1. From the list Ala250, Ala222, Ala232, which residue is surrounded by 11 or more Cβ atoms within 10 Å (Cβ to Cβ) and at pLDDT below 85?
2. List pairs: first residue in region 152-173 and within 11 Å of Ile108 (Cα to Cα), second residue in a helix (DSSP H, G or I) and of a type in the set (Gly, Ala, Ser) anywhere in the structure, Cβ distance under 7 angstrom, at least six positions apart or on different chains.
3. I need a count of the residues in region 183-209 that are under 23 Å from the mean Cα position of the chain (by Cα) and more than 19 Å from Ile244 (Cα to Cα).
4. I need every pair where a residue in region 91-110 that is farther than 15 Å from Val176 by Cβ has its Cβ under 9 Å from the Cβ of a residue that is surrounded by 22 or more Cβ atoms within 10 Å (Cβ to Cβ) and of a type in the set (Asp, Glu), sequence separation at least 6 or different chains.
5. Just give me the residues in region 200-216 being polar (S, T, N, Q) and open to solvent by 40 Å² or more (accessible area, probe 1.4 Å), in sequence order.
6. Take the residues in region 174-199 that are open to solvent by 80 Å² or more (accessible area, probe 1.4 Å) and in a helix (DSSP H, G or I); name whichever of them is modelled with the lowest pLDDT.
7. Given (1) farther than 30 Å from Lys76 by Cα; (2) in a helix (DSSP H, G or I), identify the lone condition not met by Leu227.
8. Which one of the conditions (1) polar (S, T, N, Q); (2) open to solvent by 90 Å² or more (accessible area, probe 1.4 Å); (3) at pLDDT 70 or above does Thr111 fail to meet, given that it meets all the rest?
Amino acid sequence: MKYEFKATKRIMLPAIIVLFLISIFNGVFFGVIEPHISKNNIFVNLFGGVGMTAYVLGIIGIFIISGLLALFRFYKSDLSNEGYLTHTLPVTISKEILSKIIIGTFWIVVTGIVVMFSIFVILMVSGALNITDIDWTSFKEVINAIFTEEGGLAFIAIIYVIIIIILGCSSKILNVYASMAIGFSAKKNKILCSFGAYMVLSLILTVITTVAGMVLSNPLKAMMSTLSNAAAFHLLFIGVILYILILNAAYFFITKYMMENRLNLE
């Protein structure tokens, strides 16, 4: 896992630094330079437009990089010619898959945090947000409200959502890993077979989810109606988390089985 982190860090850290530099540039430009120059100045409009375009493209780019990097590392280490070397190492397939999933999910989550922080940097540097203007009394009231029964549920909901986002990211990555593991069991057209496997897995998931929804809809409604609001709240989120965990487990074991028994590196 350390090697995987180092390999991905060489790409992700420069991308993060570039995004922060673009954020600082936009903050300085819109907060310091633009107010002192005529808005009709063509150079102001040009640099402002370029700065914001670069920032938007930077956000899109860093998400694409973090997602594709997780897939590329799996392909390069396990499915390409390098896979011959990888599979001779004293590391089990399970650990190999887990290391890729953990690091891939880590960088996607970090990317989301970095993007939110970059927005904060622009607001702070430009002067649009000033810490001294924050009403800390109201902030303390919000913090205190969290520890009430209703506020506590709101706080727990945030925790649930964070867990769902993390598991959801890993599920999407594992879905593609499983598709690639199936596709690369073919003798020819491995990439095309991987796309086909992805479509088939997505179709199977859609059918199972639809059928399960139809079968369980009425029983779940009846059960939810007998529960308190707090119990229904927890049951809903825990149900979603269990659903994603089941997907993760299914994709993981498909990937593991195909890599152990069906993988064709030729």
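1. Details: Ala250 fails: at pLDDT below 85; Ala222 fails: surrounded by 11 or more Cβ atoms within 10 Å (Cβ to Cβ).
Exactly one of Ala250, Ala222, Ala232 is surrounded by 11 or more Cβ atoms within 10 Å (Cβ to Cβ) and at pLDDT below 85, namely Ala232.
2. Close Cβ pairs (under 7 Å, with a partner that is in a helix (DSSP H, G or I) and of a type in the set (Gly, Ala, Ser)) amount to Ile173/Ala70; Ile173/Gly104.
3. 3
4. Close Cβ pairs satisfying both conditions: Ile93/Asp78; Glu96/Asp78.
5. Going residue by residue through region 200-216, those that are polar (S, T, N, Q) are 202, 206, 209-210.
Scanning region 200-216 gives Thr206, Thr209, Thr210.
6. Just the residues of region 174-199 that are open to solvent by 80 Å² or more (accessible area, probe 1.4 Å), to begin with: 187-189, 191-192, 195, 198-199.
Adding the requirement that they be in a helix (DSSP H, G or I) leaves 191-192, 195, 198-199.
Details: Ile191: 86, Leu192: 91, Phe195: 92, Tyr198: 93, Met199: 94.
Among those residues, the one meeting the criterion is Ile191.
7. Evaluating Leu227 over (1) farther than 30 Å from Lys76 by Cα; (2) in a helix (DSSP H, G or I) leaves (2) as the failure.
8. (2)
The values are calculated or read from the model by the stated rules, or taken from the named source; none is laboratory data. The model shown is predicted, which means the values in this text are computed figures rather than measured ones. Using ideal geometry, Cβ is built from the backbone for each residue, glycine included, and neighbour counts are taken over all protein chains shown. To get the accessible areas, we keep the full protein, side chains included, count just its heavy atoms, and leave off ligands, DNA and RNA. Shrake-Rupley method; radii C 1.70, N 1.55, O 1.52, S 1.80 Å.
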